[in-house]
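Inspection log for the structure reproduced underneath, given as structure tokens.
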Amino acid sequence: MAYQLEDSFWFPRELGARLAELRQKRRLTQQQLAVLMGRQGKCGKSLVCRLERGRFKTPSLRLVGDYLRACGAGFRDLLDILERYTARPGVIDRQGLAEVQKLVAVLPAPVSREVKKLDVKTAVARRFDGKLPEPVAQRVRRSRKFAARRLWLARLHHHVVGVLSLKPRGIELETEEILQKHCSKMWGILGRTRGTPERRAKELGELEAKLIASGRMKVELIREIQSAVKDLFERAVRQGFPDRFPGA
């Protein structure tokens, strides 16, 4: 995976322009400054010119220090520009962000926004907690899993709507909303209890009992919907959930 060298520090034009301002405040020409730096002749003036125009990408600290000293200035006069650079996300963070941006480019807009929001929030929290940047592959994998969950939940929503539409009588909106929430909770249980059948049966049983006890709808309808959710989840697993998107 290749990245451009812009991820590393190059002496920017903004710094060169600041140096030129400091020289001009002392009313010095480029040639005069070169002499004060101990670099006489045309080469000295050319060096100053290249530095001020940002064409000298990797000047030594000694060269910059000589320039500042000749102007009667110091490194403190450049700190605001330098600190704006060091305050930027590090190379690994920027690489991770670039890869996540590629991932979300193929997602529906609502899911894309959610993924980007979570990704930035997670990266900022790690920096705030003093943790090392998340490895690029791990960051992309986390974002992909989150996106896959959101896409499958959207598929689940439409799946439930499709099942309910086959009923002879229309289902009230309030009943549909209750069932949608119930199915989302079911999906969460199915996802986190893979490989633990006893725990799965216990949690699903408790969830079902709670809805039945509410008396909002017939037991037959609840169990028919739950069966449809389980079928969809098994289909998702066969397609590679939670690492792959629906239909991928």
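Among the candidates 73, 34, which residue alone is part of a helix (DSSP H, G or I) and over 30 Å from residue 134 (Cβ atoms)? Steps first, please.
Values: 73 fails: part of a helix (DSSP H, G or I).
Only one candidate qualifies: 34.
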Quick one: residue 127 ticks every box in (1) among the basic types (Lys, Arg); (2) farther than 30 Å from residue 48 by Cα; (3) at pLDDT 90 or above bar one, so which box is it?
-> (3)
Qualifying residue in the range 68-86 (condition: in contact with a helix residue (DSSP H, G or I) (Cβ under 7 Å, 6 or more places away or on another chain), free of Cβ contacts under 8 Å to residues at least 24 places away in the same chain and under 16 Å from residue 15 (Cβ atoms)) = yes
Answer yes if at least one residue in the range 142-153 is loosely packed, with under 11 Cβ neighbours inside 10 Å and under 31 Å from the mean Cα position of the chain (by Cα), and no otherwise.
-> no
Of the residues in the range 42-67, those that are loosely packed, with under 11 Cβ neighbours inside 10 Å and free of Cβ contacts under 8 Å to residues at least 12 places away in the same chain come to 42, 43, 60, 61, 62
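Which residues, taken from the range 14-60, are within 15 Å of residue 77 (Cα to Cα), within 41 Å of the chain's Cα centre (by Cα) and of a type outside the set (Gly, Ala, Ser)? Walk me through how you get there before you give the answer.
First pass over the range 14-60, keeping only residues within 15 Å of residue 77 (Cα to Cα): 14-26, 52.
Narrowing the set further to residues that are within 41 Å of the chain's Cα centre (by Cα) leaves 14-22, 52.
Matches in the range 14-60: 14, 15, 18, 19, 21, 22, 52.
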Does any residue of the range 131-138 turn out to be touching a helix residue (DSSP H, G or I) at 6+ places or on another chain (Cβ under 9 Å), buried (at least 16 other Cβ atoms within 10 Å of the Cβ) and over 29 Å from residue 191 (Cβ atoms)?
-> no
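Being within 30 Å of residue 131 (Cα to Cα) and in the same structural domain as residue 22 (by TED's automatic domain parsing): is that true of residue 63 here? Reasoning before the result, please.
Working: within 30 Å of residue 131 (Cα to Cα): no; in the same structural domain as residue 22 (by TED's automatic domain parsing): yes.
It is false that residue 63 is within 30 Å of residue 131 (Cα to Cα) and in the same structural domain as residue 22 (by TED's automatic domain parsing).
The values are calculated or read from the model by the stated rules, or taken from the named source; none is laboratory data. Since we're looking at a predicted model, the values are computed, not measured. Glycine gets a Cβ as well: all are built from the backbone with ideal geometry, and neighbour counts include every protein chain shown.
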